[in-house]
Each structure stands twice: as C-alpha cells, then as structure tokens.
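Working notes, structure below.
Here, each number is a calculation from the coordinates, and none is a lab measurement. These numbers come from a predicted model, not from an experiment. All Cβ positions, even for glycine, are placed from backbone atoms using ideal geometry, and neighbour counts span all protein chains on display.
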Amino acid sequence: MDFNLTEDRQMLADTLNRFLTEQYPVEHRNKVAYDAPYHDPSKWDALVELGTLFALAPEEAGGMGGAGFDIAVVFEALGRQITPEPVLGALMASRLLAAAGADQEALLSGASKYAVAFTELDAAYELDQIAAQATAKGDAYALSGRKSTVYGGQVADVFLVAAKLNGKLAVFQVNAADANVTGYGMMDGAGAAELLLDDTPATLLIEDGAAAMEDAINAGIVALCAEAVGAMDVTHAITVDYLKQRKQFGITIGKFQVLQHRAVDMLTEIEQSRSIVIKAAAELGGPDASRYASMAKNLIGRSARLIAEEAIQMHGGIAMTWEYPVSHYGKRLVMLDAQLGDTDYHLSRVMAGNAAA
Amino acid sequence: MDLSYSAEDIAFRDEVRAYLADNLPKHISDAVREGGEMGKAMIEEWHAILNRKGWLATIWPKEFGGPGWTPVQRHIFEEECCRAYSPRILPFGISMLGPVLQKFGTKEQQDHYLPRILDGTDWWCQGYSEPGAGSDLASLKTRAVREGDEWVINGQKTWTTLGQHADWIFCLCRTDPDAKQQQGISFILVDMKTPGIEVRPIKLIEGGHEVNEVFFTDVRVPYGNLVGEENKGWTIAKYLLTHERTGIAGVGFSMQALEEVKALARKTLRNGKPLIEDPLFAARIAQVEIDLEAMKITNLRMLFKAQSQGAPGPETSILKIKGTVIHQELKDLARRALGPAAAPFPGHVTDGNLMFGPAATAHNAARYFNNRKTSIFGGSNEIQRNILTKTMLEL
C-alpha cells in the first residue's frame, strides 16, 4: 500500500502546476475561455510540449503513461486553473485509437486535435440509445445523424464518431473538413460543437466498438473527476481565505460557527472525492472499471455541486460576479456533471450492478 | 499509488482469517449477527481467547504484551474481525487506559495494572462526562481533595458505559478549583468497590442498559492512584482522545451493515418484487455504498499517513464525522427495509408470534435508535468540526 505519487508523476504534477499557475491565471483563462476558439492555441502548444498528451497514452501507443493515475495527475492540475484546453477529447480519442491499434502520432504530437462524438440530443449518455447510422459504401463508409454538445468539437480536426453499423455500435473517424460543424462556447467556459452528418465519408476504426467506447468514457470520467478535485481544492481554499478576510458585525465572518462547520463539511466531501478518484483511477482498465467510474462520477457530481453552491453562498454577492474567480470555478464544478453521465445516471448504473449481483 | 496489500499483509490477513475461523465460538458470532447486546460473560470469553493468542491489546507495543502490529495490520485485523462477526474489543482498558499508563504511568502502575487488563482481572470503565460537562469536558466538577495519603472524591460521572460490570474506573477530577479550567484536573484510578460509590443504570432510548450514572460520596482512594502529575490530567485526557484510533471510521462495521441491508433487501418483497429492485430503495443503498467505498480509501489514506509519518493527524476527525454518518444511514436502511417487522421490542417477539416477522429481525429498530449515539460520543460530530476548524482551516 502506498498513497504517494511516483517520482515521475510528482514531477509531471509540479511541472504542470507551475506552468498553469504562471501562464494560465484565471484572468487569462476567462479571456480565452468564453470567446472563439474558446481556448488558447499558443498555450495548447505549450501544454503539448510539456508532455501532457504523452502522459495520457501508454508506451505501446507511443506515449509514456496512460494509467489511471497519470490521467488523474494531468487533469487535477488542469482543474486547479479550470483550463479550457481540449485535453479530454485527446484522452478519449487516444483510448479509442489504442483499442483500434491505430497510429496516434498526429494526436500525441498535438498536430491534430481530436474530439469524441457520441452524445446525441436523445442519448446524452447512453451508448445503447445512439441513433446515428453508418452504411458501407464499397470499402468506405458514410455516416448520417446528429451528434450534439461534442466537447472540444469547435476546434477539432478529427472526430471519432460512435454510430450504428449493422445493429452494432461502431467507431468511425471523420475529418472535420468533411462534416458540418457548428462550434460554440459553454456556460462554464471552453467550447463544443454540433456535428451534422449527412452521408458524410468516414473511416471505420472499430467495428464492434461498445467496449472500447466504455473504456474511453471510463478514462474520461477519471479525468473529469480529477479535474473536479483540483477545482474543488482551489475553490475551498479561496473560500476559507475569504472567511479570514471578510468582516461583518465587526469580526471576520470565519469566526461564525455556522460558516466554520459548513467549511469543514466541504473539506470532508473533498477528501471523500479525492479518495473515490484514487479508487476509480486504480481500477481503470480492469474488470470493475465501469462500476468504480460510476461510483466516482456520482460522488463527484454531488460533492462538486455542494462545493460550488456553498462557496458562492458563503461569499455572498461577490461570488455572483463575473469578476470574481469563484463564479467561474462554481460554473465548471456544476456543469461537469453533465459530461459523460450525471449523478443520477451513474447512480442507476451502480444500482443495476447491485441488483444483478 | 498502490492500493493493494503487500504480500506480507496478505499472508497476515490469511493468518487472521484462519485463526478466527478456528477460534471464534459460534455462539458468540451468532450473538453478534443477531445484533443484540453482548453480555459480560461473552465479552470476557472472547477477550480471554484473544489474550491467549496475544492478540487482545492490538495497539500496545510488544514490551507491554501487545503484538507490535503496524497500523495496516491492525486495520486488517479489525476488518477480519468484522467480517467474521466477532464482538468489538472493549476499549476502556485496552485502548484507553492501557496507552495512558504506558505513557504517563509509573513502572509500578504499569506492572500492576497492565497484566490485569490483559487477563481480564480488572474490567475498566471511563469516568469523564458529567451532567454539566459533556462537550465542554473541561468544565467538570467532580472534586478530589488530598488528605494525607488519600484522595477524597465527591461528585458525579455519567454515560459510564458498562460501568455496571466494572471493577475499576479511571476518572478526571478537579484537584485545583482556583486554576484555569484545564489546569486543575487530575487523572485518578478508583476501585469500584470503594465505599461511597453508587452506580445507577440509565435506561437508553431503545430500552437497553448500556450506560450508568456513577455517584461519589466521600470516596477515599490512595494518593498513589494518581496517574501522571497532579493537575496535569487534561494533558492525559487529550492524549487519550487524540490517541491513534485506527478503527474510528468503523469501516468494517459499515461493510458488515451494508451486507446485512443488501441481504434484507433481497429477501423482503415490496410490490411483489425484491426490495433491492425498488428504484427508490436501491438508490439509497447505492448512494451510501458509494460513500462507504470512498470512506474505505479515505481510511486507508490516513492509515498510510499514520504509518509513514508516525501520527494520523487531525484529519481523523473527518473519519469520525463521515464514518458515523454512513453507519447510521445503513442502520436506518436496515430498519426501513423491514418495515413493521423492525418495530417489535426485541425480546417481546418470538418465532411463535406469527403476527410479526422472525424474531431475528426485531432488533433492527433498536439498533437504529441505539446507534444515534455514535455521532454524539467520543467528541460529538460538532466538536469534531470545531477541531477541524482550528487545525485544518485555521479559522
């Protein structure tokens, strides 16, 4: 048993944290996160140069990491600065390319940005409800359907698209240039896109792709949950700091027990969140990965919203302003619940597992 | 990061598991499984069995007769004990007084009392809380006045767990009423057979007799029963409260309770289907199971910290708060799973009474009510939040 990071991962965490604190302060983040292209291309290049993407892929795929804890380290650092860079799409696409045995050079070098398109208007999270259809055209394929809120899709060069082929869920590669892409920004910063497919040419990556999609989603969940832990840590620290500064009734409001206990409860939930991320990261790639990913996403869904709402409430009006960082952390913490399955969706998956056991 | 036990730890776990399978008497594990109160005889029987193996005082160092285990080994032992439905080891002598005597006691006190704790000669109870001193323990009023070679003690202790069986009580007494609250308290050992002591039972919410009031009227004990320095008892009290308690999260007991709730929910039919398929109830189970899964890791993280840094730190308050809330939720679910079958008074319903469910389930409401205590005792969860406010948030 060992809860310390390996030296390599600690070094990666230190490097990313230093870079992001210096180069991506929240004021800069807010400048780039809410206007097209909803990220900072030069900072993306710098992140790639620091080895961020290589840390997300295993050696056999050309990377230098790819384990749950590598993913957690990278995304916790990104979460601390609520970085709007499209790293999640790269991670999930890398998992799919690895499952397909496809070359990842363009992805890992940062030359091409990838987004994974599986969500549809009537299938926010459920792979078995996907309606997009693929048809064979000689050696090639064509896709039809609509993919919705594809995170990172506003800047993607390549989409990996989940669609039905002969009744099975398959994964295809679609060049952005061949598709109808409408990009937009999100409430919590960063961007997404609607992807309209109308007989759009595609390359088949994985014919029977449900398991690979599930793995990509599990990895994405570990990433989002670690991102949330980073963002929760910072939000809590800002809040506690504010309790020490802000005076009302002649004393700092941190002297009020009603606020002290709520700040402690936030801390407790953050520690629980950190624990469940460790568990989900440890199980990633194993036979119980989906169960623990669901547990993590459910717990984080609850705790992240608690931290966001309590931080805003305990600050009072100031955290309602665009100017103050907590409003942006709060939005990210609440809205990441809607990515890759929300609190209730993942609770129902844990329930289904219990009923079947 | 590595969540798995080492090969040595796994070998140790297997050894504990095999030992429990061979040595835990079935009538004792059955009694634990049925959830009723443990009688004195059964607790003493189990203590004696563990003591023969040298596994009773798991937190004592080897020199005092403990097994010299690491925090992780102690955790494994506790986990296996819960898994096997063995009774909780009584904390008063083993994990409260024992470490205090080892740190603050004289050689004579150690030589006299420690072996008697191990072999069961002395059953200890705790004299801390008073009617006017609960969370604000330092305001305690029980007075000990030195007269020659004796202490004369007057006052009242309360919430004295299993004091009805006790041979001895360790007490916090006020020995300097003029000093600042925390500075005039001493830690004194008192023989329960001393004239002037009266034990009165307190009947608890579920009808059980677990705690007592202890009255002291001109109780005379030798001056040498003082532990540590006069008026330095608060230091001992704090040491005892913050002393490393690997089991404070109660993870093993909650895992046991979760399995029980699931088993009940599989057996009980609601709307003609097993309750575990009812979405509302299944959601409650799943949610607390997720919280418990996280708690397991939180517990191991703090254990790892205790092992690698020597002390667990104030974060153990997090374990107390969250651990008790999870356990209480599970007890609530067990009660709710049974519906009216949880309602009969234990002992008032027998298998012959066909109006209700089997007698074996009747204790579930009692256990639910009894377990409301866990967020109150040992420093209430609100006091734990005060501790975290000071130590972790520095507010």
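Of B:V227, B:V145, B:V214, which is the most mobile in a GNM of chain B whose springs link Cα atoms less than 10 angstrom apart?
Per the Cα network of chain B with a 10 Å cutoff, B:V145 tops the list.
Where Rh is the Kirkwood radius over the Cα pairs of the protein assembly as shown, the temperature 37 °C and the viscosity 0.692 mPa s, what D in µm²/s does Stokes-Einstein return? Could the numbers behind the result be given before it?
On the way: Rh = 28.9 Å.
Translational D for this selection: 114 µm²/s.
What's log10 of I(q)/I(0) for segment B:62-141 at q = 0.11, 0.19 Å⁻¹, Debye sum over Cα points only, no solvent?
So the normalised log intensities are -0.41, -0.99.
Let's see if you can work this out: charge +1 on each Lys and Arg Cβ, -1 on each Asp and Glu Cβ, no other charges. What is the dipole magnitude of segment B:244-393 about its Cα centre, in debye to the nearest 20?
Numbers: 20 positive and 13 negative charges, 40 e Å.
Approximately 200 debye in magnitude.
Kindly express, to the nearest 10 degrees and within the range 0 to 90, the angle between helix A:68-80's C-alpha long axis and the longest C-alpha principal axis of chain A.
Tilt relative to chain A: about 50 degrees.
Does segment B:124-231 come out rounded, prolate or oblate, given a ≥ b ≥ c as the square roots of the eigenvalues of its C-alpha gyration tensor, rounded meaning a/c under 1.5 and, failing that, prolate meaning a/b above b/c?
Details: a/c = 2.23, a/b = 1.41, b/c = 1.58.
Judged from the Cα gyration tensor, segment B:124-231 comes out oblate (a/c at least 1.5, b/c at or above a/b).
Measure nothing fancy, just the Cα-based angle from helix A:7-23's long axis to the longest principal axis of chain A, in degrees from 0 to 90, nearest 10.
70
Rounding to the nearest 20 debye, state how big the charge dipole of chain B is about its Cα centre with +1 on each Lys and Arg Cβ and -1 on each Asp and Glu Cβ.
840
Out of B:A365, B:A41, B:A341, any idea which swings most in a Gaussian network model of chain B, alpha carbons joined below 10 Å?
B:A41
Which of rounded, prolate or oblate describes segment A:1-136 when judged by the alpha-carbon gyration tensor and an a/c cut-off of 1.5? Walk me through the numbers before you get to the answer.
Working: a/c = 1.77, a/b = 1.27, b/c = 1.39.
Note, shape of segment A:1-136 comes out oblate.
List the residues whose amide H sits under 5 Å from the amide H of B:E130, counting only those 5 or more places along or on another chain, with H placed 1.01 Å from N in the peptide plane.
Those lying under 5 Å, H to H, from B:E130 are B:T158.
Fewest Cβ neighbours within 10 Å first, please rank A:Y292, A:Y324 accordingly.
Ascending Cβ contact count within 10 Å gives the list A:Y324, A:Y292.
Need one number for segment A:36-94: average projected area of the convex hull over its C-alpha atoms, nm².
Values: hull surface 15.9 nm².
Averaged projected area of segment A:36-94's Cα convex hull equals 4.0 nm².
I'd like the orientation of helix A:210-245 relative to chain A: the angle between its Cα long axis and the longest Cα principal axis, in ° from 0 to 90, rounded to 10.
Compared with the principal axis, the helix lies near 20 degrees.
Which residue, B:P87, B:P314, B:S186, has the largest displacement toward the positive end of the dipole of chain B when charges sit on each Cβ (Lys, Arg +1; Asp, Glu -1)?
After comparing all options, I get B:P314.
Kindly put B:F216, B:F187 in sequence by how many other C-beta atoms sit within 10 Å of each C-beta, fewest to most.
B:F216, B:F187
Rank A:A111, A:A231, A:A162 by mean-square fluctuation in a GNM of chain A with C-alpha springs under 10 angstrom and give only the top-ranked residue.
Most flexible of the set in this elastic network: A:A111.
Using Cβ counts within 10 Å as a stand-in for footprinting exposure, how do A:R9, B:R372 rank, fewest first?
Values: A:R9 19, B:R372 15.
Ascending Cβ contact count within 10 Å gives the list B:R372, A:R9.
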